[in-house]
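To keep things clear, I will list the structure first and then write my remarks on it.
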């Protein structure tokens, strides 16, 4: 070898940053580069004369030995083979290298044996790739759910063990309870909930998730909360001043072998601090670096955005749920002709609703509806539709006509929200005098009818009209009513689609539960909940059960009168006689006066014949029907007027009054609360 070649060789083995090793056939190191990364400062006697497996103990030595023997045997060089391990001079940090192995000469040609091993330090390049991979995983996996706990768990799972041996995620408890987040830093004395904890190793037996705690003041944890800046504790020492403020936590960290930690605030938009992420490194790992702190801050920002979105969803859902519960009836009325029970299973704070409306003449309206969408807007739409139904029910419209009119309200809501259709609804009216149920449906499942001791079940054959607020060709279609007669004790089951959305077997389970008609309705509603409630449900569900009971024949009385003024006295006598038979003689004077005015009004402004009917239920109902469709008008008579006070007297002597129109005229009714 000439002088230049010797000089180059000497420079490579003394100054080049690439690790160079010359091995004999037994893989014993005969020469090496003393400037190589991982070997600087190591005495030569700890390298020369030793097998490569004895020096590179922090790497996968078995794999390295097999690779070297393969190159010796075949002569095929190995280039840039990736290995990770811990160098002899830095066992507390991981090193990534690319190993190339070449055979020296060819033994068959009489060349010298042995190997040259070149080791390139690619730790920084690998670390950069690892950081990019970790960021990619964070943006891919964190924040995919609207559950803050799940988001915190995703954050901890991404970071352990990739960047930490253990991680905790603390979030302000106020935020999780639906309160509006505050701008800027968080007060260090606010209660925090430990939403997530994950550890790859170490003694962490005392650490649990979902723990409510307040972190002691003047620690890296509370300082990060107080000013919104991350903290790096490169070397954790039990004698650190802050450890005295939280000796219990310091003891846990010492027992787990923690030697370095990061505290990173979870900062949402508008610099709102939501909580703190803490990362721990234990013995055997290198301390955290500023690069680690920067990476943790980037990942924490992704977690903070996910938690903020989830908390916002929870807050809006809580608002919508509160609004919905205030808009729904607090319970169903206790009626003598219809026993009812309801079940509400919230999932998304949508627009499902039910109602039981007491109508004149002991009739009862049963309503179940479902507004499309979820959240505050759906709850508000539900409130408007429920109010509209009650208003239209007061007009005593037939179910099909009521839904057709309700469609106008739904269309206005559809124009505002930009979605069609807005809602579905089924509306039914039960008349206990005739024992008939009249129902109509707008895009809603027809109710189930359960009769007989054996629980025979069938679906009410009501035509399913278009949903409320529908556009296109459906807009021109009208809803139709169907009327059926029910035997006493019939159970009606109204529900929204969410009740059967769980699985394919849900309808069969519902039918099996409803077959037990001997149960009290609240018990039956509970049984439905036990059979069909799903904590992972994606839709709200409403169930309304009603058991019908007709009025006995002796609770009603009806007479047909001619349109002759002389029949007014006859009507008063008939009413007095009936009230006496019912034990209500004490109310005869007021009721006689009411009947007298109603009959007189029918004779004067209507057409005969006139039908007078009394119904005794929770209220005493007086009905006067005639064949005219002329609407009565309540006047404010002047002191000099001789007439015009009839309906005013009816209003003052009864609890409520109104007009109902039918195919053959109208009925004016009045109800009074009586005892006897």
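Every number in this text was worked out from the coordinates using simple rules, so none of it is lab data. Values in this document were obtained by computation on a predicted structure and should not be read as measured data. Backbone-built Cβ (ideal geometry, glycine too); neighbour counts: all protein chains shown.
Spread over its residues, the convex hull of the C-alpha atoms of the stretch 231-377 is 192 Å³ per residue. Using only Cα positions of the stretch 332-548, each an equal point scatterer, no hydration layer, compute I(q)/I(0) via Debye at q = 0.11 Å⁻¹ and quote the log10 values to two decimals. For the requested q values the scattering log ratios are -0.49. Dividing the summed -39500 (n - 2.57) terms of all DSSP H runs of n ≥ 4 by the residue count of the chain sets its mean residue ellipticity at 222 nm at -10500 deg cm²/dmol.
Relative to one another, the C-alpha centroids of the stretch 65-80 and the stretch 523-547 are positioned 70 Å apart. For the Cα trace of the stretch 553-672, dividing Rg by the Kirkwood Rh returns an Rg/Rh value of 0.95. Between 0 and 90 degrees, the angle of helix 588-605 with respect to the longest Cα principal axis of the chain falls at about 80 degrees.
At a 10 angstrom cut-off on C-beta neighbours, averaged per residue, how do the peptides 407-416, 387-396, 490-499, 215-224 rank from highest to lowest?
Numbers: 407-416: 18.6, 387-396: 16.4, 490-499: 23.6, 215-224: 20.7.
Taking the mean over residues of other Cβ atoms within 10 Å, the ranking is 490-499, 215-224, 407-416, 387-396.
Given R0 = 25 Å, the distance between the Cβ atoms of residue 129 and residue 536 translates into a calculated FRET efficiency of 0.05. Under 14 Å from a label point set 7 Å out along the Cα-to-Cβ vector of residue 394, the amide N atoms of the stretch 349-381 belong to 358-360. Could you run the Debye sum over the Cα atoms of the stretch 489-645, one equal point scatterer each and no solvent, and tell me log10 of I(q)/I(0) at q = 0.11, 0.19, 0.21 Å⁻¹, two decimals? For the requested q values the scattering log ratios are -0.67, -1.10, -1.28. Placing one equal scatterer on every Cα of the chain and applying the Debye formula, the log10 ratio I(q)/I(0) at q = 0.07, 0.08, 0.11 Å⁻¹ is -0.71, -0.81, -1.09.
As a test of understanding, state the convex hull volume per residue of the stretch 536-597 from its alpha carbons, in Å³.
Values: hull volume 11.7 nm³, N = 62.
Spread over its residues, the Cα hull of the stretch 536-597 gives 189 Å³ apiece.
Judged by the mean number of other Cβ atoms found within 10 Å, the most tightly packed of the peptides 143-156, 165-178, 45-58 leads the ranking 165-178, 143-156, 45-58.
If the segment from residue 405 to residue 560 were pulled out straight at 0.36 nm per residue, it would be longer than the present Cα-Cα gap by 52.5 nm. Against the main long axis of the alpha-carbon atoms of the chain, helix 3-15 sits at an angle near 40°.
To the nearest 10 degrees, how steeply does helix 521-532 sit against the main Cα axis of the chain, on a 0 to 90 scale? The angle comes out near 30 degrees. Return the tail of the calculated pair distribution for the stretch 460-555, meaning the percent of Cα-Cα pairs more than 21 Å apart. So the pairs more than 21 Å apart make up 50 percent of the total in the stretch 460-555.
Kirkwood radius, the stretch 127-317, all distinct C-alpha pairs, inverse of mean reciprocal distance: 16.3 Å. Its residues counted as N, the stretch 124-225 yields a C-alpha radius of gyration over 2.2 N^0.38 Å of 1.18. Label-to-label distance for residue 664 and residue 294 is 9.1 nm, based on points extended 7 Å past Cα in the beta-carbon direction. What is the distance in Å between the Cα centroid of the stretch 430-494 and that of the stretch 261-315? Each part reduced to its Cα centre gives a spacing of 56 Å. The mean sequence separation of alpha-carbon pairs under 8 Å and at least six residues apart, normalised by the residue count of the chain, gives a relative contact order of 8 percent. Counting Cα-Cα pairs of the stretch 332-425 in 5 Å increments starting at 0 gives whole-percent bin shares of 3, 13, 24, 22, 18, 13, 6, 2, 0.
Peptides 267-273, 127-133, 374-380, ordered by how many other C-beta atoms sit within 10 Å of their residues on average, highest first, read 374-380, 267-273, 127-133.
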